[in-house]
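Chemist: Mind having a look at this structure? Questions to follow.
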Amino acid sequence: MAPAGLEQLNSLLQALREGNAEALDGIYFCVGGRMFALARGIVKNRADAEDVVNESFVKLARGIGGYRVGTNGYAFVMRIVRNCAFDLLRKRKVRAEEDIDGFFHLTDERYDAYRMEQAVLLEDAVLRLTPEERRMIYYRYYLDFTVREVAKETGMSKSAVQRLTALAEEKLRKLLSEGQNES
C-alpha cells in the first residue's frame, strides 16, 4: 500500500478508536476492495467473501481497541479479514489453504497497454519464484507486513525473514530484468 494510503488508513483507524463511527465508511473506501479480494481468495466464493468483509467490519469496530496507533493499520485490517475468512470456513468445516498464487493476478482492465504488459511480466516473474519466496513477497508486499509481523506469522526469526525476503526480491528483480530484455 502506498505511504499516503497507509497514512490515511492509520488516521481513519485512529479516528475509529477515538469513537468516530463514520471512520468505518472511510476505511471501506480506502481498503474495501482489497479486503474483498483477500476474502474471496480464501473462501473462493463471492457471496461468502461479502459476508466475510461485513463480519470483518463488525470485528474491526468491536476490536478497534486492539489497534495500536503508529503501527501498520493495513496489516491489522487484513489480519482481521483473513481470520474472519478462516472462521467462516471452520464453521462450515471446510479446510482451505491460503492460495497466495491467486493474489498475484495483477491485470486490470483499467490499465493502459504499457501497464498491462508490465503487470503481466510481474505476474509471470512472481509465479516463477519458489512457494517460500512467493510467501515472503505475499506477506511483505500484498499484506504489507513488517519483518516483525512476518516473523510472528510464520514462526521464523526476524533475520531468517529478512534473508528470505531479500533473496526473493533479488530473484524477482533478475526475473523482471530478463523479462524486460526479452520484450
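The values are calculated or read from the model by the stated rules, or taken from the named source; none is laboratory data. Model, not experiment: these values are computed from the prediction. Note that we place each Cβ from the backbone using ideal geometry, even for glycine, and neighbour counts take in every protein chain shown.
Chemist: Going by the structure shown, is VAL53 over 17 Å from the mean Cα position of the chain (by Cα), among the aliphatic types (A, V, I, L, M) and under 12 Å from CYS84 (Cα atoms)? Lay out the reasoning, then the answer.
Modeler: Values: over 17 Å from the mean Cα position of the chain (by Cα): no; among the aliphatic types (A, V, I, L, M): yes; under 12 Å from CYS84 (Cα atoms): yes.
Judged against the criteria, VAL53 is not a match.
Chemist: For segment 38-66, which residues satisfy the criterion of being surrounded by fewer than 18 Cβ atoms within 10 Å (Cβ to Cβ), touching a residue at least 24 places away in the same chain (Cβ under 8 Å) and closer than 26 Å to VAL147 by Cα?
Modeler: Those that are surrounded by fewer than 18 Cβ atoms within 10 Å (Cβ to Cβ), touching a residue at least 24 places away in the same chain (Cβ under 8 Å) and closer than 26 Å to VAL147 by Cα: LYS59, GLY65.
Chemist: Counting just the residues of segment 67-90 that are within 13 Å of ASN10 (Cα to Cα) and among the small types (Gly, Ala, Ser), which one comes out surrounded by the most Cβ atoms within 10 Å (Cβ to Cβ)?
Modeler: So the residue we want is GLY73.
Chemist: Is it the case that ASN72 is farther than 24 Å from ARG140 by Cβ and either of a type in the set (Ser, Thr, Tyr) or not assigned by TED's automatic domain parsing to the domain that holds TYR139 (or both)? If you could, list the steps in order and put the result at the bottom.
Modeler: Numbers: farther than 24 Å from ARG140 by Cβ: no; either of a type in the set (Ser, Thr, Tyr) or not assigned by TED's automatic domain parsing to the domain that holds TYR139 (or both): yes.
Against the criterion (farther than 24 Å from ARG140 by Cβ and either of a type in the set (Ser, Thr, Tyr) or not assigned by TED's automatic domain parsing to the domain that holds TYR139 (or both)), ASN72 does not qualify.
Chemist: Could you name every one of the helices (runs of 4 or more DSSP H) located completely within segment 128-183 that has at least 1 residues being touching a residue at least 40 places away in the same chain (Cβ under 8 Å) and of a type in the set (A, V, I, L, M, F, W, C)? Full working, then the answer.
Modeler: Working: elements: 131-137, 147-154, 158-182.
The helices (runs of 4 or more DSSP H) meeting that bar are 158-182.
Chemist: I need the full set of residues from segment 56-80 which are under 17 Å from the mean Cα position of the chain (by Cα) and part of a helix (DSSP H, G or I), in order please.
Modeler: Hits for segment 56-80 are SER56, PHE57, LEU60, GLY73, TYR74, ALA75, PHE76, VAL77, MET78, ARG79, ILE80.
Chemist: I'd like the full set of residues that are surrounded by fewer than 19 Cβ atoms within 10 Å (Cβ to Cβ), over 16 Å from ALA75 (Cα atoms) and either more than 21 Å from the chain's Cα centre (by Cα) or of a type in the set (Gly, Ala, Ser) (or both), limited to segment 18-35.
Modeler: Result: GLU18, GLY19, ASN20, ALA21, GLU22, GLY26.
Chemist: From the set of residues in segment 140-167 that are aliphatic (A, V, I, L, M) and modelled with pLDDT of 90 or more, which is surrounded by the most Cβ atoms within 10 Å (Cβ to Cβ)?
Modeler: For segment 140-167, the residue satisfying everything is VAL161.
Chemist: Follow-up question, since we're still on this one. Does ALA4 fit the bill of being surrounded by fewer than 20 Cβ atoms within 10 Å (Cβ to Cβ) and out of contact with any helix residue (DSSP H, G or I) (no Cβ under 8 Å at 6 or more places or on another chain)? Break it down into steps so the answer makes sense when it comes.
Modeler: Numbers: surrounded by fewer than 20 Cβ atoms within 10 Å (Cβ to Cβ): yes; out of contact with any helix residue (DSSP H, G or I) (no Cβ under 8 Å at 6 or more places or on another chain): yes.
When the stated conditions are applied, ALA4 passes them.
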